[in-house]
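Worksheet: the structure to be examined is printed underneath.
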Amino acid sequence: MNRNEPRITPEMVAELGLKPDEYDRILKLIGRVPSLTELGIFSAMWNEHCSYKSSKVHLRTLPTNGPWVIQGPGENAGVIDIGDGLACVFKMESHNHPSYIEPYQGAATGVGGILRDVFTMGARPIACLNALSFGAPSHPKTRHLVSGVVAGIGGYGNSFGVPTVGGSVRFHQRYDGNCLVNAMAVGVARKDQIFYAAASGVGMPIVYLGSKTGRDGIHGASMASAEFDEDSEGKRPTVQVGDPFSEKLLLEACLEIMQKDCVIAIQDMGAAGLTCSAVEMGAKGDLGVTLDLDKVPCREESMSAYEMMLSESQERMLMVLKPEKEKDAEAIFRKWGLDFAVVGETTATKRFIVRHGGDVMADLPIKELGDQAPEYKRPFVNAAKPEEVRAESVHAPVGTIEALEKLLAAPDLCSKRWVWEQYDHVILGNTVQRPGGDAAVVRIEDGPKGLALTTDVTPRYCDADPFEGGKQAVAECWRNITAVGAKPLAITDNLNFGNPERPEIMGQFVGCVRGIAEACKALDFPVVSGNVSLYNETNGRAILPTPSIGGVGLIDDFRKSATLAFKRADETILLVGETTGWLGQSLYLREICGREEGAPPPVDLTEERENGDFVRSLILDGIATAVHDLSDGGLLVAIAEMAMASGIGAVLSAAPLDIPAHAHWFGEDQARYLATVPAANAETVLARARAASVPVWTIGKTGGDALTLANERPILVTILRKCFDSWLPAYMAGEL
């Protein structure tokens, strides 16, 4: 063992994010003091970002199986069967801490990393989505973060050549010191040509592929497993630097050698770089791994073993090759101008051995590093459930139309066109429904099948009641997919929370996971991949609990997919689902009344399923001409969005007498949709709803150029659109 490395000190252990008891566990495990390189390897493999040590006991409760699930959690990405011999491969991951420190590169490399997770499985990426959470607009850093993150996502995705087709953007003061950047990628592969990370066979060559290794990203994974403090700006060196053009070359080279049947196993070098990829490949295959770092292509001189093992330089892969195909694989990578180097081999020892400069720099048990990392059952407490806010107790401070105008111009509800117009959302030519609707729709190959894709979560609900908030996040995602006519198939999740060592934060996590599990079971919507991002807090102040849900659905004929825009005048507007006027945690209560309080709306999963199945049948039978699910802002906001998307107005019935008007128009009851049908078909649809025991009401008709409510002044759709479209561009221009 090389003894030129510095002596391990308690300060060094703490700096690498290891607790004293974890260091004691390392000493017992290997029977000696580790080298610095070994300590760095343990730090990388045992941090939250790589090991899920605080969360995996709860993640096991999530439903992950279904007749269409080919691969659930545990691989680079999840895989589902979409028929005709094809599979959809998808996953969502976070790049939160790097994006706060260096927003452009943090967001860009988040996109690059999630794309690699997908094409590592043998899939060609066809779409990207994201879920972004920023601090209060008044915070001095928010505009800078929005600008950098959006530019980074667009810069990488546009250059790589994959459309960014959907996402979400929110603002809240709880994200002031810790923005969230969750990136999702979706690809398509032949279902009999999926590639996995588990190595097999002894003496098989381990090959380094892609770009050279540098000093960028060192300790990126451990930084992602720590709280921020006043020194967060000093962590800039841990942010990786991406090159989307190199990644495009890497994609093509990887898919080509997969087609040539060269690959035994493949793993993206993501968090913790060479360490994590090598350990996971060996541990999953019950094999040992030996690496010779002298053969690793480096772009900087005199890199130490410690630096090489922990670098998170981008656009790199590790692969176990069939020995007889080594020359073929090398020729392919050289053709694409990428590095190719045999840097090790698989062994029968179940040891992870790293050599550098003729010295053994690490000799560790590989299983304990990988799939047997520490697992904690952290104590948690469930916060008291908040009281319901009774609709009749909420005074309406302004009229209905004025409230609508204010809500449409609010940061969370306003148009995000400024964001998604910076993304190429039509490259590859298969984007059927673009950003701005309930879900994106992307054609599969030449059609007629299409995938419906969405991301969603309502963090204020999760903060008030984690269990109901977790349920609602899944149900909302399911509704978004249903609203375009697709059958929801599976989800990926990105669970963003604060410090799990605080029982109240762990309680939020546990509650949300339980809610997600219940909703996924009830809706046959299994979790096939995901990511956990903890320690999202600054100076002891946690973000809102934000379990982002990314959903995938399938539609047999994309030409039947529904959009939210009104299609023509004199059509009947139908409201599907029960309305009670629930104002607790609503945007009306927050933005109009200045109150952020109360219990969130309850989620009845039986109603969600029955109402959604009914709406989907109207779409697929060609009866519904426009469909939109109801969520933030409630009924009137949804109607306004349908009108603004088309330029066609509507005449609406008066609010029922048993619900205050403002609660009727802006309450956020769940399991609801709006649908338009030709007037001649309305009675047939109502009869069909009665037969299915689904509550449906006629609430108005389309037509004109304004929204007209009983007892309220009409408002032109053009004025609504001005409210909706103006806030974000004005804010980003520094005019607000």
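Considering segment 654-714, the qualifying strands (runs of 3 or more DSSP E), each wholly inside and each with 3 or more residues that are under 22 Å from Val603 (Cα atoms), run over 673-678. Which residue pairs have Cβ atoms closer than 9 Å, lie 6 or more positions apart in sequence or on different chains, and pair a first residue in segment 357-368 that is under 18 Å from Ala198 (Cβ atoms) with a second residue that is assigned to a strand (DSSP E or B) and hydrophobic (A, V, I, L, M, F, W, C)? Hits for this filter: Pro365/Phe352; Ile366/Val289; Ile366/Phe352.
Please tell me if Lys521 is modelled with pLDDT of 95 or more and closer than 27 Å to Arg690 by Cβ.
Working: modelled with pLDDT of 95 or more: yes; closer than 27 Å to Arg690 by Cβ: no.
In short, no.
Would a scan of segment 399-409 turn up a residue that is open to solvent by 30 Å² or more (accessible area, probe 1.4 Å), under 30 Å from Glu48 (Cβ atoms) and touching a residue at least 60 places away in the same chain (Cβ under 8 Å)? For segment 399-409, residues open to solvent by 30 Å² or more (accessible area, probe 1.4 Å), under 30 Å from Glu48 (Cβ atoms) and touching a residue at least 60 places away in the same chain (Cβ under 8 Å): absent. Being of a type in the set (A, V, I, L, M) and either open to solvent by 30 Å² or more (accessible area, probe 1.4 Å) or under 20 Å from the mean Cα position of the chain (by Cα) (or both) is the requirement here; does Val389 meet it? Spelling it out, it is not the case that Val389 is of a type in the set (A, V, I, L, M) and either open to solvent by 30 Å² or more (accessible area, probe 1.4 Å) or under 20 Å from the mean Cα position of the chain (by Cα) (or both).
Entry remark, segment 285-311: residues being touching a Gly at 6+ places or on another chain (Cβ under 9 Å), among the small types (Gly, Ala, Ser) and either at pLDDT 95 or above or surrounded by fewer than 18 Cβ atoms within 10 Å (Cβ to Cβ) (or both) number 1 in total. Give segment 687-725 a look and list any residue that's free of Cβ contacts under 8 Å to residues at least 60 places away in the same chain, open to solvent by less than 60 Å² (accessible area, probe 1.4 Å) and of a type in the set (A, V, I, L, M, F, W, C), or say none. Listed by number, the residues that qualify are Ala687, Ala706, Ala710. Counting only residues that are open to solvent by 40 Å² or more (accessible area, probe 1.4 Å), in contact (Cβ under 8 Å) with a residue 24 or more places away in the chain and either over 19 Å from Lys487 (Cβ atoms) or outside any loop (DSSP other than H, G, I, E, B) (or both), segment 49-70 holds 4 of them. In segment 26-36, is there at least one residue being among the aliphatic types (A, V, I, L, M), open to solvent by less than 20 Å² (accessible area, probe 1.4 Å) and within 30 Å of Cys512 (Cβ to Cβ)? The answer is no, given that none of the residues of segment 26-36 is among the aliphatic types (A, V, I, L, M), open to solvent by less than 20 Å² (accessible area, probe 1.4 Å) and within 30 Å of Cys512 (Cβ to Cβ).
So which residues in segment 587-605 are aliphatic (A, V, I, L, M) and in a helix (DSSP H, G or I), if there are any at all? Write out each step before concluding.
Within segment 587-605, the first condition is being aliphatic (A, V, I, L, M), and the residues that meet it are 587, 589, 592, 599, 603, 605.
Passing the criteria: Leu587, Leu589, Ile592, Leu605.
For segment 437-478, the candidate set comprises residues that are under 20 Å from Ile80 (Cα atoms) and assigned to a loop (DSSP other than H, G, I, E, B); within that set, the residue that is most open to solvent (accessible area, probe 1.4 Å) is Asp446.
Quickly run through segment 606-627 and pick out the residues that are of a type outside the set (D, E, K, R), open to solvent by less than 20 Å² (accessible area, probe 1.4 Å) and not in a strand (DSSP E or B).
Taking segment 606-627 and keeping what is of a type outside the set (D, E, K, R), we get 606, 611-612, 614-615, 617-620, 622-627.
The next check asks that each one be open to solvent by less than 20 Å² (accessible area, probe 1.4 Å); those that pass are 611-612, 614-615, 618-619, 624, 626-627.
Selection gives Asn611, Gly612, Phe614, Val615, Leu618, Ile619, Ala624.
The condition of being open to solvent by less than 10 Å² (accessible area, probe 1.4 Å) and on the phi < 0 side of the Ramachandran plot holds for Trp46.
Quick one: how many residues across segment 320-330 are open to solvent by 10 Å² or more (accessible area, probe 1.4 Å) and either touching a Lys or Arg at 6+ places or on another chain (Cβ under 9 Å) or more than 23 Å from Gly201 (Cα to Cα) (or both)?
Step one: list which residues in segment 320-330 are open to solvent by 10 Å² or more (accessible area, probe 1.4 Å), which gives 322-328, 330.
In the following step, the residues that additionally are either touching a Lys or Arg at 6+ places or on another chain (Cβ under 9 Å) or more than 23 Å from Gly201 (Cα to Cα) (or both) were identified as 325, 328.
Selection size over segment 320-330: 2.
Within 23 Å of Pro98 (Cβ to Cβ) and buried (at least 18 other Cβ atoms within 10 Å of the Cβ) - does that describe any residue in segment 349-356? No. The number of residues in segment 208-240 that are at pLDDT below 85, in contact with a Gly (Cβ under 8 Å, 6 or more places away or on another chain) and not small (Gly, Ala, Ser) comes to 5. Once segment 410-436 is narrowed to residues that are small (Gly, Ala, Ser) and open to solvent by less than 30 Å² (accessible area, probe 1.4 Å), the residue that is nearest to Asp658 (Cα to Cα) is Ala410.
Could you go through segment 662-676 and let me know if any residue there is open to solvent by 20 Å² or more (accessible area, probe 1.4 Å) and at negative phi.
Taking segment 662-676 first, the residues open to solvent by 20 Å² or more (accessible area, probe 1.4 Å) are 662.
From what's left, at negative phi: 662.
Yes.
Of the residues making up segment 679-736, those that are modelled with pLDDT of 95 or more and among the acidic types (Asp, Glu) are Glu683, Asp705, Asp725. Return yes when Ala522 is in contact (Cβ under 8 Å) with a residue 24 or more places away in the chain, of a type in the set (A, V, I, L, M, F, W, C) and open to solvent by 20 Å² or more (accessible area, probe 1.4 Å) and no when it is not. Yes, satisfied. If I filter segment 349-369 for residues that are under 14 Å from Ser277 (Cβ atoms) and part of a loop (DSSP other than H, G, I, E, B), do I get at least one hit? Among the residues of segment 349-369, not one is under 14 Å from Ser277 (Cβ atoms) and part of a loop (DSSP other than H, G, I, E, B), which makes the answer no.
Annotation: of all residues in segment 77-97 being outside any strand (DSSP E or B) and open to solvent by less than 10 Å² (accessible area, probe 1.4 Å), the one that is nearest to Val527 (Cα to Cα) is Ala77.
Would you please name the residue that is farthest from Lys701 (Cα to Cα), looking only at residues in segment 565-579 that are in contact with a Gly (Cβ under 7 Å, 6 or more places away or on another chain) and open to solvent by 20 Å² or more (accessible area, probe 1.4 Å)?
The initial filter retains those residues of segment 565-579 that are in contact with a Gly (Cβ under 7 Å, 6 or more places away or on another chain), namely 569-570, 573, 579.
Filter again for open to solvent by 20 Å² or more (accessible area, probe 1.4 Å), leaving 569-570, 579.
Values: Ala569: 8, Asp570: 6, Thr579: 19 Å.
Taking the candidates together, the pick is Thr579.
The rows are residues; the columns are (1) open to solvent by 20 Å² or more (accessible area, probe 1.4 Å); (2) in a loop (DSSP other than H, G, I, E, B); (3) touching a Ser or Thr at 6+ places or on another chain (Cβ under 7 Å).
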| residue | (1), (2), (3) |
| --- | --- |
| Cys128 | no, no, yes |
| Ser133 | no, no, yes |
| His139 | yes, yes, no |
| Val149 | no, no, yes |
| Ser168 | yes, no, yes |
| Asn178 | no, yes, yes |
| Ala189 | no, no, no |
| Asp192 | yes, yes, no |
| Leu209 | no, no, no |
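The values are calculated or read from the model by the stated rules, or taken from the named source; none is laboratory data. Everything numeric in this text was worked out from a predicted model, so none of it was measured. Backbone-built Cβ (ideal geometry, glycine too); neighbour counts: all protein chains shown. Ligands, DNA and RNA are excluded from the accessible area calculation, which covers all protein heavy atoms including side chains. Shrake-Rupley method; radii C 1.70, N 1.55, O 1.52, S 1.80 Å.
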